Every structure is written in structure tokens, then in C-alpha cells.
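Quick notes on the structure that follows.
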Amino acid sequence: MTSAPEHHTARTAATGRPPVVDASTWQAARDELLVREKAHTHAGDALAADRRRLPMVEVDGAAEVVGPDGPVPLLDLFAGRDELVVYRHMWHDGAPHQGQCEGCTVSAWGVEDAAVYLHAAGVSLAVVTTGPWDEVAPFVAFMGYAQPWYSVRETPAPLGEEMGSFACFLRDGDRVFLTYTTTGRGVEVANPVFALLDMTPYGRREAWQDVPDGWPQGHEACWYWRTDADGRAGWGEDTRPTPQWTRPGATPVETLGRHGHHH
């Protein structure tokens, strides 16, 4: 795996850093912040409770999506379970594998290991995208995704809209109900890296975050860790993120068609 350039990993802040204090002073400040953190946790619990009480909208369980076995009804995505979480992956028609959405690719990787726990809780997981299946299938095979993927190119709402988001469904026999959808940053739940970065001194190093004066500000884009066309680490307008290419066993030629490069 390509490592990040040194100037992005070994930053120091001579100015703007929080004050250095003794352990007891730090603990007092930490305890004060903990009160707010607990309130934030409890507020999240209350939101989840309200989410479970949202009204539902019935959708057509017979609506067809296209997978490796051809067209199948939405009901099949439940795999016999009562609940279903769907990630709606953006798609760029005709783009090479490395040209697909960097944010969605990261999110799709993020849910890979979650499936076994979701299944244990009676929840199925699937990924859908608006790409044509003849483009989607080789992409899924190349990336090595284990979760089921489907094309919803000809599928009506809600599966065929609002890509780059999660949608949750409930099944009652042959009836299917849409219960919840995310927007924007709601997909961050797929990747715990964001929550971990939020606990670090520099945070996400993105331009929007609130940091002390003089602290490293980071990049404008959310998905700032990328590789260029030669597979080298970099940050550029037309590059794609390293997380797409950390697939176990991937070689330079497999990923970007490169020859003569070793990293």
C-alpha cells in the first residue's frame, strides 16, 4: 500500500496548538467535555428512537433489479430476512474502474465486514447502482466485493434515486416498506475512520472543520487521499483515492494497467 507523503503525515504546529497543562488540569477539562459527549450520545439515542417511529411508505416489492442472475424482484434482496439496508452507489457511465466515485467506493468497502453482524441481527445488506449491469459486474469482480450488487438503471424510485446514500426497508410477507434514508454525510456511518479521526488532535484535516488558529487546515475535498494516474500518492483534480486500490493481492497492472512500477 502506498504511503502518504511525509509532509502530510509529520506535521507540527508551532502556533495555534492548545495550551500544555498538568495532568489534573487536563483531567478537569476532559471531564467537562465528557458531560457534553454524554449529552451528544443521549441525543443520538433519542434521534434513533424517533427514527424507529417514522411513518413508512409502501413500495413495489415486485420492482425488478438486475444482478448476476438477471432481473430479480426487490423482495429477493431481503434474502428471507425482514429488514434490508441498501447502499445506493453512484455510477459514472463508461468510466474505467478507477474512475468510479471515490466516496461511494470507500463507503462500499466500509460495509463489507458489517454484513455478518447485520445478518446475525436479521438484516440483509445489498448495494445498488444506476450503472448498466454489463459495466457493474466486472467492476464488482475487480474490486472483490463479497456483498450482493444490483443495477437499478431501470428501477423506479426509491431504489433508482438519490445515489450516494443508504435506504432502509421492512418486509411484511410480500409487502415492502421504505422506512428511512440518509442524505449527504449520513453515509459516514459506513466508515468508522471518520469517528476515529474526529478524536485526533488534527481531526479530518478538511477545510470545513473548526480548528484552533494556526492548526493544519487540510483540504477542501472530503475525499482527499488519492492516487494519480500512475498510482503514486498525490492530491489532484483528476486523481482517485488509495482506498480503492487496497484490495488484497492487487498488483499495479491489475489496478491501473501500469507496467514497470513497484510500490
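The values are calculated or read from the model by the stated rules, or taken from the named source; none is laboratory data. Note that the structure is a prediction, hence the values are computed from the model and not measured. Ideal geometry is used to build each Cβ from the backbone, glycine not excepted, and the neighbour counts take in all protein chains shown.
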Residue in the stretch 234-242 that is under 25 Å from TRP91 (Cβ atoms), among the hydroxyl-bearing types (Ser, Thr, Tyr), at pLDDT below 60 and not in a loop (DSSP other than H, G, I, E, B) present: yes
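Could you tell me whether the stretch 155-164 includes any residue that is closer than 15 Å to GLY110 by Cα, free of Cβ contacts under 8 Å to residues at least 60 places away in the same chain and surrounded by 13 or more Cβ atoms within 10 Å (Cβ to Cβ)? Break it down into steps so the answer makes sense when it comes.
Of all residues in the stretch 155-164, those closer than 15 Å to GLY110 by Cα come to 164.
Narrowing further to those that are free of Cβ contacts under 8 Å to residues at least 60 places away in the same chain: none.
For the stretch 155-164, residues closer than 15 Å to GLY110 by Cα, free of Cβ contacts under 8 Å to residues at least 60 places away in the same chain and surrounded by 13 or more Cβ atoms within 10 Å (Cβ to Cβ): absent.
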Per-region count, the stretch 57-101, residues closer than 22 Å to GLY184 by Cβ and of a type in the set (A, V, I, L, M): 5
Scope the stretch 141-154; condition over 17 Å from PHE78 (Cα atoms), among the hydrophobic types (A, V, I, L, M, F, W, C) and surrounded by fewer than 18 Cβ atoms within 10 Å (Cβ to Cβ); matching residues: ALA141, PHE142
Matching entry among LEU75, LEU118, LEU47 (being in contact (Cβ under 8 Å) with a residue 60 or more places away in the chain and hydrophobic (A, V, I, L, M, F, W, C)): LEU75
Filter result for the condition that a residue is surrounded by fewer than 17 Cβ atoms within 10 Å (Cβ to Cβ) and modelled with pLDDT of 90 or more, over ARG185, ARG175: ARG175
Residues located in the stretch 188-204, provided they are farther than 19 Å from LEU118 by Cβ and exposed (fewer than 13 other Cβ atoms within 10 Å of the Cβ): LEU196, ASP198, MET199, THR200, PRO201
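Residue by residue, here is whether (1) crowded, with 18+ Cβ neighbours inside 10 Å; (2) under 17 Å from PRO71 (Cβ atoms) holds:
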position: GLY99; (1), (2): no, no
position: VAL106; (1), (2): yes, no
position: VAL111; (1), (2): yes, no
position: ALA115; (1), (2): no, no
position: THR129; (1), (2): yes, yes
position: GLU135; (1), (2): yes, yes
position: PHE139; (1), (2): yes, no
Identity of the residue in the stretch 193-228, touching a Ser or Thr at 6+ places or on another chain (Cβ under 7 Å) and closer than 28 Å to PRO96 by Cβ, that ends up modelled with the lowest pLDDT: TRP225
Pick from the stretch 145-169, criterion farther than 19 Å from HIS92 by Cα and under 18 Å from the mean Cα position of the chain (by Cα), ranking: modelled with the lowest pLDDT: ALA146
